[in-house]
1. Mind listing just one residue for me: the one in region 19-49 that is among the hydroxyl-bearing types (Ser, Thr, Tyr) and within 11 Å of Gly59 (Cα to Cα) and, of those, least open to solvent (accessible area, probe 1.4 Å)?
2. Test each condition in (1) open to solvent by less than 60 Å² (accessible area, probe 1.4 Å); (2) assigned to a helix (DSSP H, G or I); (3) more than 30 Å from Ala149 (Cα to Cα) for Leu53 and report the one that comes out false.
3. Is one or more of the residues making up region 141-151 within 16 Å of Gln77 (Cα to Cα), out of contact with any Leu (no Cβ under 8 Å at 6 or more places or on another chain) and at pLDDT below 90?
4. Just need a number here: residues in region 145-173 that are open to solvent by 40 Å² or more (accessible area, probe 1.4 Å) and assigned to a helix (DSSP H, G or I).
5. Could you identify the single residue in Lys133, Lys157, Lys168, Lys95 that is closer than 17 Å to Glu6 by Cα and without any contact (Cβ under 8 Å) to a residue 24 or more places away in the chain?
6. Which of the numbered conditions does Leu83 fail, given that it passes all the others? Conditions: (1) part of a strand (DSSP E or B); (2) within 16 Å of the chain's Cα centre (by Cα); (3) in contact (Cβ under 8 Å) with a residue 60 or more places away in the chain.
7. Of everything in region 2-46 that's among the acidic types (Asp, Glu) and out of contact with any strand residue (DSSP E or B) (no Cβ under 6 Å at 6 or more places or on another chain), which residue is modelled with the highest pLDDT?
Amino acid sequence: MDIFIEQIIKRDRTLRDRMIFALTIILTFAIPGTVLILALKNLIIHYFVVLGLFAFLMGIWAIWFVRSHQDSEYEYQMVQDTLVVSKIIAKRKRKELLRLDVHNIESLEKADKVGDLRVVKVVEAVQNMNNDKDNTVAIYSFAGGGKRALFFCPNEKILNAMKPYLKKDIVLKVFYHRG
């Protein structure tokens with residue numbers, strides 16, 4: 001029997017995303033506004049008014065572009081014994097972040113920050129990195145040597161699909177709260 005389960009998590013906008021969006025709006029109105037004021041005072045030639053109008057129209061497009069690219073989601077797919085994590089950007093573009101054989105997971109526990117993890121690479125595929133009650137970190141080894149960390153928010157279906165392929169001590173710790 002083939003196993004295929006998927007889950008989609010919408011990423012929250014961060015302070016950095018909000019700052020970029022605000023800067024885009026400010027520049028959209030500030031540059032053409034400055035050009036218009038200078039043209040009305042006859043400090044620049046009226047040719048620049050056309051450039052200011054073009055800059056305003058490009059700014060409107062930039063606002064749409066920035067806002068749509070900040071709407072991203074993470075998709076977790078459990079196919080047999082493989083967990084596939086993908087990032088969906090603006091509901092148009094999909095980028096596979098990770099293809100993980102569940103047998104390679106060495107640790108699976110609730111966590112909110114990278115903290116003092118000694119890993120080579122961290123993959124963040126969570127709704128909000130500061131949400132410690134939903135975030136789970138999976139430490140796994142990879143072929144090149146060393147360890148990596150995956151922060152994700154699996155639901156019960158994904159965890160139950162992973163259960164037969166996880167190591168026994170991880171199953172006891174996560175599902176039965178022992179050890």
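The values are calculated or read from the model by the stated rules, or taken from the named source; none is laboratory data. Everything numeric in this text was worked out from a predicted model, so none of it was measured. Please note: Cβ atoms are built from the backbone with ideal geometry, for glycine as well, and neighbour counts cover all protein chains shown. Accessible surface is based on the protein model in full, side chains and every heavy atom, while ligands, DNA and RNA are left aside. Shrake-Rupley method; radii C 1.70, N 1.55, O 1.52, S 1.80 Å.
1. Ranking the candidates gives Thr28 first.
2. All conditions are met except number (1).
3. Checked region 141-151: at least one residue is within 16 Å of Gln77 (Cα to Cα), out of contact with any Leu (no Cβ under 8 Å at 6 or more places or on another chain) and at pLDDT below 90.
4. 10
5. Lys95
6. (2)
7. Looking only at region 2-46, we keep the residues that are among the acidic types (Asp, Glu), and these are 2, 6, 12, 17.
In the following step, the residues that additionally are out of contact with any strand residue (DSSP E or B) (no Cβ under 6 Å at 6 or more places or on another chain) were identified as 2, 12, 17.
On the way: Asp2: 75, Asp12: 86, Asp17: 90.
The residue in question is Asp17.
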